[in-house]
Amino acid sequence: MKVALHWKILIGLSLGVIWAFISSSLGWSQFTINWIDPFGTIFINLLKLIAVPLVFFSIISGVTGLGDPSSLGRMGLRTLIFYFFTTLSAVSLGLILVNSFGPGRLVDEDTRIDNRITYELWAQEKQVEVKDQKNFLQNPAYEDRVARIQSLGGETIDPEVEKSMKIAQATKDAGPMQKVVDIIPSNIFEALANNGQMLQVIFFALFFGIALLFIPGDKGQPVIDLVNAIMEVLLKMVDFIMQAAPFFVFALLAGTISKMAGDDVSKMLDIFAGLSWYSLTVFVGLAFMVAIFYPLLLKLVVRKIPFTGFFKAMSPAQTLAFSTSSSAATLPVTMECVEDNLGVDKKITSFVLPIGATVNMDGTSLYQAVAVVFLAQFHLIDLDLAQQLTIVLTATLASIGSAAVPSAGLVMLIIVLESVGLNPAWIGIILPVDRILDMCRTVVNVTGDATVSSIIAARENLLNYRQSHDTDDTFNPDVNP
Ligand code: ASP
């Protein structure tokens, strides 16, 4: 019996989880980390290896395929508007959920009062304005508590949190225009050599493609043919890699969970129990985006793609996003799924998806909104409307600024916390469960990009969805597109 690739990947994923639990309870975690986990890293490297040249050549090919720069401008504007709309919807959903569930309010009162006092002491020391005045420090009823907390000394910051705080500070110090300046590379080879500089690669490729359109036919055509041929080769490389994806995904999951759990699974489960309401709120929001928001948007705007068809088409990319926690590493697979399975023309995917992987992170923005309000509730702080609106703005910008790699959203969360006068070191509180939430939010990020590509394609009449298409052929290296 032939088993479809996405099922094989799901089986690999489940076996990875089972293996991690078994190896952890038998005390074999180190074995898993030493001998199985490296295959996960090899997988991510293989995908990233393809991602940069694929973005580069696919954008040039897409722009030349479109044939005129004005339609590129129109599509570009539409793309940005839709990306902005989905991100804004995600942040708003996150805020609605966290304010109505109130996961931080479910923590016992005593802990929250202590947390509040710690916050007021921190705000006093850092001279941060406290909007929600409760003045526990001046309240005689809390005198003993304040003295006890003060006697414990200042907070000790986890080295990992400290590292993230330095990165976030550097981003903030760079000035408002720096992000724009950073898009223009001074050396294309340097940009290509650095996986973090995707926007620079996109800029150069767009510029190159547009310039190529102005070169007369017989002179420009050989370059266009070469670019298209290289694209085919890169996609074939993805097909080969994907044949081993079920095994690689097994290794990734086994390694990731073993690193979290060590030789004591119960420790990991305890951490989850402590942060379960918070994790659940993020999870419900993310699940809503994937299962309701995007399919609904597709139904309203695109119409052609049925609910199940969309998931069948996207499942290889979604499972990979979950396993790798990186939209950038998943990009080559997302591109093939959207092109071959959803039938979005290459002219659209070639630039809508790379831009989306870099700037459109709906899952990340939703998670940041939930995390900030949860941390405020956990410290007995009520955020007012102006602060909640600030969160909408900063979480949107922070998600745009997050790199498409694991944990990037957590680092940028620091900026959102600071924007409403909260202590950035609190990311340490949610750090223990961040990896699993990162896996889930990356699925949303990738699904959001695919949804917007389909919408843009439908609007441009460049969507050719065929329900009869056999998704199993997509990554079959023997089948030519
Ligand atoms: N891991 C996410 C991504 O690559 C970004 C994040 O939220 O940390 O899309």
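Can you give me the solvent accessible area of Glu232 with a 1.4 Å probe, rounded to the nearest 10 Å²?
90
Sum -39500 (n - 2.57) across every DSSP H segment of at least 4 residues in the chain, then divide by the residue count to get the 222 nm mean residue ellipticity, nearest 500. Mind showing how you got there, number by number?
Numbers: 22 runs with 341 residues, N = 481.
The helix-only estimate for the chain comes to -23500 deg cm²/dmol at 222 nm.
Using a cut-off of 14 Å between beta-carbons, work out the net charge of the residues near Glu143 (Lys and Arg +1, Asp and Glu -1, Glu143 not included). Spell out each step's value before the answer.
Working: positive: Arg145, Arg148; negative: Asp114, Glu120, Asp144.
For residues surrounding Glu143, the net value is -1.
Could you work out how far helix 245-261 tilts from the main Cα principal axis of the chain, as a 0 to 90 degree angle to the nearest 10?
Orientation of helix 245-261: about 10 degrees from the principal axis.
To the nearest 0.05, how large is the calculated FRET efficiency for Leu269 and Thr41 if R₀ is 35 Å and r is the Cβ-Cβ distance? Please list the in-between numbers first.
On the way: r = 26 Å, r/R0 = 0.74.
Once rounded, the FRET efficiency stands at 0.85.
Pairs of Cα atoms under 8 Å, at least six residues apart: use those to get the relative contact order of the chain, whole percent. It would help to have the intermediate numbers written out before the result.
On the way: 661 pairs, mean separation 151.1, N = 481.
Once divided by the residue count of the chain, the mean separation gives 31 percent.
Determine, from the Cβ-Cβ distance of Ser151 and Ile11 and an R0 of 45 Å, the FRET efficiency 1/(1 + (r/R0)^6), rounded to the nearest 0.05. The partial results should precede the final answer.
Details: r = 55 Å, r/R0 = 1.21.
Between Ser151 and Ile11 the formula returns 0.25.
Could you give the angle, 0 to 90 degrees to the nearest 10, between helix 198-213's Cα long axis and the longest principal axis of the Cα atoms of the chain?
30
Hey, got a sec? Which trypsin sites (Lys or Arg not before Pro) in the range 2-51 land in a DSSP loop and have at most 12 other Cβ atoms within 10 Å?
On the way: sites: Lys2, Lys8, Lys48; in loops: Lys2.
Counting only loop positions with at most 12 other Cβ atoms within 10 Å, the trypsin sites (Lys or Arg not before Pro) in the range 2-51 are Lys2.
For helix 37-66, what angle does its Cα long axis make with the longest principal axis of the chain, in degrees from 0 to 90 and rounded to 10?
Compared with the principal axis, the helix lies near 50 degrees.
Once neighbouring chains are kept in place and the probe is 1.4 Å, which whole percent of the accessible area of the chain is contributed by carbon and sulfur? Display every interim value, and only then the final one.
Details: 13660 of 21450 Å².
Heavy-atom surface of the chain belonging to carbon and sulfur, 1.4 Å probe: 64 percent.
So if I place +1 on the C-beta of Lys and Arg and -1 on the C-beta of Asp and Glu, and nothing else carries charge, what would the dipole magnitude of the chain be about its Cα centre? I want it in debye, nearest 20.
Numbers: 31 positive and 42 negative charges, 195 e Å.
For this selection, approximately 940 debye.
If you average the alpha carbon positions of the range 253-317 and of the range 17-43, how far apart do those two centres end up, in angstrom?
22
Please state the charge dipole magnitude for the range 195-314, taken about the Cα centre, from unit charges on C-beta atoms (+1 on K and R, -1 on D and E), reported in debye and rounded to the nearest 20. Write down the numbers at each step before the final one.
Working: 8 positive and 7 negative charges, 93 e Å.
Roughly 440 debye, rounded to the nearest 20.
Could you sort out which of Lys131/Lys259; Lys299/Lys346; Lys134/Lys259; Lys166/Lys259 sit more than 32 Å apart by Cα distance in this structure? Present the calculation step by step, with values, prior to reporting the outcome.
Values: Lys131/Lys259 40 Å; Lys299/Lys346 22 Å; Lys134/Lys259 41 Å; Lys166/Lys259 25 Å.
Check vs 32 Å cut-off fails for Lys131/Lys259; Lys134/Lys259.
The values are calculated or read from the model by the stated rules, or taken from the named source; none is laboratory data. It should be emphasised that the depicted structure is a prediction, and the values quoted were computed from it without experimental measurement. We place every Cβ from the backbone using ideal geometry, glycine too, and count neighbours over all the protein chains shown. The protein model used for the area step is the full one, side chains on, heavy atoms only, and it has no ligands, DNA or RNA in it. Shrake-Rupley method; radii C 1.70, N 1.55, O 1.52, S 1.80 Å.
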